[in-house]
Structure formats: C-alpha cells, structure tokens
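Structure first, commentary second.
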Amino acid sequence: MSNQCAMSNKKEMEERQKNEEAQLAQRMSQIKHKILVMSGKGGVGKSTVSTNLAFALYQAGKKVGLLDVDLHGPSIPTMLSLENEHVQGTDNTLFPVSIYDNFKVISMGFLLPKGDEAVIMRGPLKYHTIRQLLKDVEWGELDCLIVDSPPGTGDEPLTVAQSINDLDGAIIVTTPQQVAITDVKKSVNFCRRINLPVIGIIENMSGFICPKCGEKVNIFATNGGKRMAAEMDVPFLGQIPIEPQITVCCDTGRPYIQAFPDSETSRAFRKAVESLLKMS
C-alpha cells in the first residue's frame, strides 16, 4: 500500500511539473526576445542600466516588459515610482503593472506589504518564486522582456537561464575599474558554462560629466569594460557616463533617458540598444 501511495505521489508530482513547464512555455512563447541583465559585481548600476535599456526599447516603438528578480533588494519599483503598486491576479495568473500600454513591469517589491520588508529566502524558495513569476505573469505579446537580476552568479540568474529555453542571452554590466572587472569576468564565464550567449558588455559609470563645464573626468578609470570585452572575445555595447541627474531620476522614479533625452548618457543608452533592435 505504501509503495502504491509513493508511486501515486510521484506520478502526481510529475504531472504537476509537466503542467508547470507547459504553462511557462506558453507564457514565454508570447515574447519574441528574452534578455538577462546581470553582473558579477554589486554597485555597478545594473538596475539603472536595465530600466533605461527597457525604456529605450519602448521609445523605439517596442512592446517591453521589465522583470525584476532581485528578491532581496528590488530597486525597480523606486526607479519607476511604483513603490505603492501591488500585483493583481487570480490563482494561476499575475498581471504586470502597466506604466504605459506597451511598457509593463513586475517586481518582488510589488508582492511585499511594505517597501522595507526583509525577504528571507534560501535557494529552493528562490527557485520556486522565480519560476512562479515566469510561469504566472500574463505579459501578453511582447517584443522584448528585460530581466534584471541581482549581483553574482547564483540562484537568480541561474534559475532564469535554466527556465527560459529560448533566452536570447545576457547583457553584462561593469564599471571601468579593475576591482569590478575581476568579478564581472566571472559573469562571462558563468554564461559560457551554461551555454548562454553574451549579447555584450556595458561599461557603466564610464566618466563623470561636469554639469557646469561639460568636461568628462574618469573618476573610475576608463576603458576597463572595453578591454575586458576584447580580451574575452565578446561584443562591447558601449560606455555609459555618469551625470549628476541620474541619481535624482533614480530616486524620483523617472528613467533618465526620458527626463534628459539629449544628454550624452541618454545617447549612449540608445546606442547600446541598437544591437537589441537588430534582433527583431
């Protein structure tokens, strides 16, 4: 009798897993391109890059989704002034928050009762949470889904990479100095270990532009990301300089590329997106 129960439970589990895989595949089939944004180093401005790349794609006329899988420190709600938003849905369906008709967002931050609530999770729960976000969110038809992951090469980027069968690849963000480059190289090697294409490297915080005189000062060295891309034989998508208003935009919830479209930084974001637009 116990053997029969065990076999029955195993069969139910396999059937449930099969249904989940089918649901996840169905959700992802509505999205033309899926791109993971990651970095082996924290503090490189990865969420800022993800937000502005997503918005640049939207400005180019694309239907865009932005998925924040940073479970412990979701920044996207603050960067898009969505701190008070909460996800609506049914038992098996979650509806993303629409900023515009063709720009939709999901973040762990929407699932927390308070913005400063601590998320305490170990590996298995992280895995199941991310899988649930991937299979339950009803994005509808999208041209591109940008997935913003936390620093490192752990559970979150690995779960995304192993769950989305047709993931286009990863954009890897670094800053120019060697202390960042050393860690970010691990992200390239991570992608190679799991056979995930590297779409390209973005060198963020690549020079500070003085708001008064316009002079560019390389406070974090320069060209580190560009040299790393050449050394590791991966595409280089460009250098994003720092401008003082970037911090203001992040804190007030407006994409920099929207607030200052004619700035050098915004032009750099649009140039970085050119290779993504060619994927369509």
Residue that is surrounded by the fewest Cβ atoms within 10 Å (Cβ to Cβ) [pool: residues in segment 1-56 that are of a type in the set (A, V, I, L, M) and at pLDDT below 90]: Met1
Taking segment 8-61 and keeping residues in a loop (DSSP other than H, G, I, E, B) and among the hydroxyl-bearing types (Ser, Thr, Tyr) leaves Ser39
Restricting the first residue to segment 1-29 and requiring it to be among the basic types (Lys, Arg), which pairs with a second residue that is in a helix (DSSP H, G or I) and at pLDDT 70 or above meet a Cβ separation below 9 Å and a spacing of at least six or different chains? Arg27/Leu134; Arg27/Lys135; Arg27/Asp136
Among the residues of segment 85-99, the number that are free of Cβ contacts under 8 Å to residues at least 12 places away in the same chain, of a type outside the set (Ser, Thr, Tyr) and not in a strand (DSSP E or B) is 1
Given the options His86, His128, name the one that is surrounded by fewer than 16 Cβ atoms within 10 Å (Cβ to Cβ) and under 22 Å from Ala54 (Cβ atoms). His86
Take segment 101-124 and flag every residue that is within 27 Å of Lys62 (Cα to Cα) and either small (Gly, Ala, Ser) or more than 19 Å from the chain's Cα centre (by Cα) (or both). Asp101, Ser107, Gly109
Pairs, please: C-beta under 8 Å, at least 6 apart or cross-chain, first residue among the aliphatic types (A, V, I, L, M) and in segment 146-164, second assigned to a loop (DSSP other than H, G, I, E, B)? Val147/Val69; Leu158/Ile194; Val160/Val69; Val160/Ser149; Val160/Leu167; Ala161/Leu167; Ala161/Ile194; Ala161/Leu196
Does Ala60 meet the test of being farther than 26 Å from Tyr127 by Cβ and touching a Leu at 6+ places or on another chain (Cβ under 8 Å)? yes
Sort out which residues of segment 236-263 are more than 20 Å from Met79 (Cβ to Cβ) and loosely packed, with under 15 Cβ neighbours inside 10 Å, and write them in order of number. Asp262
Name every residue in segment 100-118 that is among the polar types (S, T, N, Q) and either exposed (fewer than 10 other Cβ atoms within 10 Å of the Cβ) or in a strand (DSSP E or B) (or both), in order of residue number. Ser107
Val234 passes all but one of (1) part of a helix (DSSP H, G or I); (2) more than 25 Å from Pro261 (Cα to Cα); (3) not aromatic (Phe, Trp, Tyr); which number fails? (1)
Being of a type in the set (Asp, Glu), over 17 Å from Pro74 (Cβ atoms) and touching a residue at least 24 places away in the same chain (Cβ under 8 Å): is that true of Glu141 here? yes
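The values are calculated or read from the model by the stated rules, or taken from the named source; none is laboratory data. Values in this document were obtained by computation on a predicted structure and should not be read as measured data. Reconstructed Cβ throughout: ideal geometry from the backbone, glycine too, with neighbour counts over all protein chains shown.
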